[in-house]
Amino acid sequence: MSCSLDIAIFCGGMEINPNTINVKSLGGSETAGISIAHALSKIGHKVIFFCNTKEPTEIEGVKYMPLEFYEGYAINCPHDVHIVQRIPEILHKKINSKLNILWQHDVALKRGRTDFHGALWQIDKVFCMSQWQINQYKDIMNIDEDDLFLKTTNG
């Protein structure tokens, strides 16, 4: 017996609509975000994908929502899992979810340390693409916690 989760994904970046991936190239983060949103929907989860899109649309069980609706949803609507790609400062405000994941696709930079640490109070896991990236984040962000990071693939 499986459990259906309410999952919100924040994917700021290039303009996306549900058909973009079929007609033009996207960045790796956007492609990974779309791919994971559809994979999660396919196995029965309810997925809302906040991205740089013009109109709310639903395709294959994934609700694509413009970024302008993100904050109201994230703060006010209870949901199970919240995934934020690349931008830790998005997690500075209290998110109304049970599990918060920061999905990092880029190398850590010292100039991002304040934003990263400002979000740690509510980050449950940081997904990184390799052990090298995890080690680099721990070094640059001055974090010793092994349990905070999880090595995963990009999508």
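Looking for something more than 22 Å from His105 (Cα to Cα) and not aliphatic (A, V, I, L, M) - is there at least one such residue anywhere in the stretch 45-53?
Looking only at the stretch 45-53, we keep the residues that are more than 22 Å from His105 (Cα to Cα), and these are 45-46.
Those still in the list that are not aliphatic (A, V, I, L, M) too: 45-46.
Yes, because at least one residue in the stretch 45-53 is more than 22 Å from His105 (Cα to Cα) and not aliphatic (A, V, I, L, M).
Give all pairs with beta carbons closer than 7 Å in which a residue from the stretch 59-81 that is at positive phi meets a residue that is not in a helix (DSSP H, G or I); count only pairs at least 6 apart in sequence or on separate chains.
Cβ pairs passing all conditions: Gly61/Val47.
Working only within the stretch 40-58, note down all residues that are over 19 Å from Ser4 (Cβ atoms) and open to solvent by less than 30 Å² (accessible area, probe 1.4 Å). Give the derivation first.
Within the stretch 40-58, the subset over 19 Å from Ser4 (Cβ atoms) is 50-57.
Across the stretch 40-58, the qualifying residues are Phe50, Cys51, Thr53.
Sort through Ser35, Ser29 and tell me the only one that's assigned to a helix (DSSP H, G or I) and either at pLDDT 95 or above or surrounded by fewer than 19 Cβ atoms within 10 Å (Cβ to Cβ) (or both). So that I can check it myself, show each step before the final result.
Details: Ser29 fails: either at pLDDT 95 or above or surrounded by fewer than 19 Cβ atoms within 10 Å (Cβ to Cβ) (or both).
Selected residue: Ser35, the only one of Ser35, Ser29 that is assigned to a helix (DSSP H, G or I) and either at pLDDT 95 or above or surrounded by fewer than 19 Cβ atoms within 10 Å (Cβ to Cβ) (or both).
Among the listed residues Asp144, Asp124, Asp115, Asp106, which satisfies the condition of being of a type in the set (D, E, K, R) and open to solvent by less than 60 Å² (accessible area, probe 1.4 Å)? I'd like the intermediate steps shown before the answer.
On the way: Asp144 fails: open to solvent by less than 60 Å² (accessible area, probe 1.4 Å); Asp124 fails: open to solvent by less than 60 Å² (accessible area, probe 1.4 Å); Asp106 fails: open to solvent by less than 60 Å² (accessible area, probe 1.4 Å).
Result of the check over Asp144, Asp124, Asp115, Asp106: Asp115.
Taking only the stretch 117-155 into account, find how many residues are at positive phi and out of contact with any Lys or Arg (no Cβ under 8 Å at 6 or more places or on another chain). Please lay out each step first, then the result.
From the stretch 117-155, those at positive phi are 142, 155; that's our starting set.
Next, only the ones that are out of contact with any Lys or Arg (no Cβ under 8 Å at 6 or more places or on another chain) stay: 155.
Residues that pass the stated criteria total 1.
Go through (1) touching a residue at least 24 places away in the same chain (Cβ under 8 Å); (2) among the hydroxyl-bearing types (Ser, Thr, Tyr); (3) open to solvent by 30 Å² or more (accessible area, probe 1.4 Å) and name the single condition Ser130 misses.
The single condition Ser130 does not satisfy is (1).
Just the residues that are assigned to a loop (DSSP other than H, G, I, E, B) and surrounded by 15 or more Cβ atoms within 10 Å (Cβ to Cβ), please, taken from the stretch 1-26. Before you say what the answer is, go through the steps one by one.
Kept after step one, since they are assigned to a loop (DSSP other than H, G, I, E, B), are these residues of the stretch 1-26: 1-5, 16-19, 24-26.
Result: Leu5, Ile16, Asn17, Pro18, Leu26.
The values are calculated or read from the model by the stated rules, or taken from the named source; none is laboratory data. All of these numbers come straight from a predicted model, not from anything done at the bench. So basically every Cβ, Gly included, is an ideal-geometry build from the backbone, and we count neighbours across all protein chains shown. Only protein heavy atoms, including side chains, enter the accessible area calculation; ligands, DNA and RNA are left aside. Shrake-Rupley method; radii C 1.70, N 1.55, O 1.52, S 1.80 Å.
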